[in-house]
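To keep things clear, I will list the structure first and then write my remarks on it.
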Amino acid sequence: MEKLLIKNGTIIDVENGGSFIGAMEVEGNKIKRIMKQDEVLPEGIETIDAKGKYIIPGLIDMHCHINERFAPHFVASGVTTVRNAAGNVNLLQNLIDKPDHAPTP
């Protein structure tokens, strides 16, 4: 299973209503753990430096009208999941069938 470490980003903690500089370890398509800046980071896995950027775990757009050609823009904006509020689900089948590592929500 692929692992990824996103480090040095400002993590928005929606459960506690704060933020901190830290890292997020992702395994496959799941967040494995979130670490604060002073914790020892795992080594030997692909790493992305998010300095100056925000990490918002679980950011979901709960009302959108998604189009396949604009789907990568959601991910580029930090949205990892969408709830398509209307439209023909058959037109979205290509998005639904994309692998987890595709740059789409």
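The values are calculated or read from the model by the stated rules, or taken from the named source; none is laboratory data. Nothing here was measured: the structure is a model prediction, and the numbers come from that model. Backbone-built Cβ (ideal geometry, glycine too); neighbour counts: all protein chains shown. With ligands, DNA and RNA removed, areas are computed over all heavy atoms of the protein, side chains included. Shrake-Rupley method; radii C 1.70, N 1.55, O 1.52, S 1.80 Å.
Laid out as a table, the results:
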item: Residue, nearest to the chain's Cα centre (by Cα), within region 62-77, restricted to residues that are open to solvent by 70 Å² or more (accessible area, probe 1.4 Å) and modelled with pLDDT of 85 or more; result: HIS73
item: Region 85-105, residues that are part of a loop (DSSP other than H, G, I, E, B) and either without any contact (Cβ under 8 Å) to a residue 60 or more places away in the chain or within 11 Å of GLU68 (Cβ to Cβ) (or both); result: ALA85, ALA86, GLY87, ASN88, ASP97, LYS98, PRO99, ALA102, PRO103, THR104, PRO105
item: Counted residues, region 24-49 - those being over 14 Å from the mean Cα position of the chain (by Cα) and polar (S, T, N, Q); result: 2
item: Of all residues in region 1-36 being free of Cβ contacts under 8 Å to residues at least 24 places away in the same chain and part of a loop (DSSP other than H, G, I, E, B), the one that is least open to solvent (accessible area, probe 1.4 Å); result: GLY17
item: Members of region 43-64 that are under 23 Å from GLY18 (Cβ atoms) and assigned to a strand (DSSP E or B); result: ILE48, ASP49, TYR54, ILE55, ILE60, ASP61, MET62
item: Filter result for THR80 (open to solvent by 60 Å² or more (accessible area, probe 1.4 Å) and either in contact with a Cys (Cβ under 7 Å, 6 or more places away or on another chain) or hydroxyl-bearing (Ser, Thr, Tyr) (or both)); result: yes
item: Cβ-Cβ under 6 Å pairs, at least 6 apart or on other chains, region 48-67 side over 9 Å from ASN8 (Cα atoms) and in contact (Cβ under 8 Å) with a residue 40 or more places away in the chain, far side assigned to a loop (DSSP other than H, G, I, E, B) and open to solvent by less than 50 Å² (accessible area, probe 1.4 Å); result: ILE56/GLY78; ASP61/VAL79
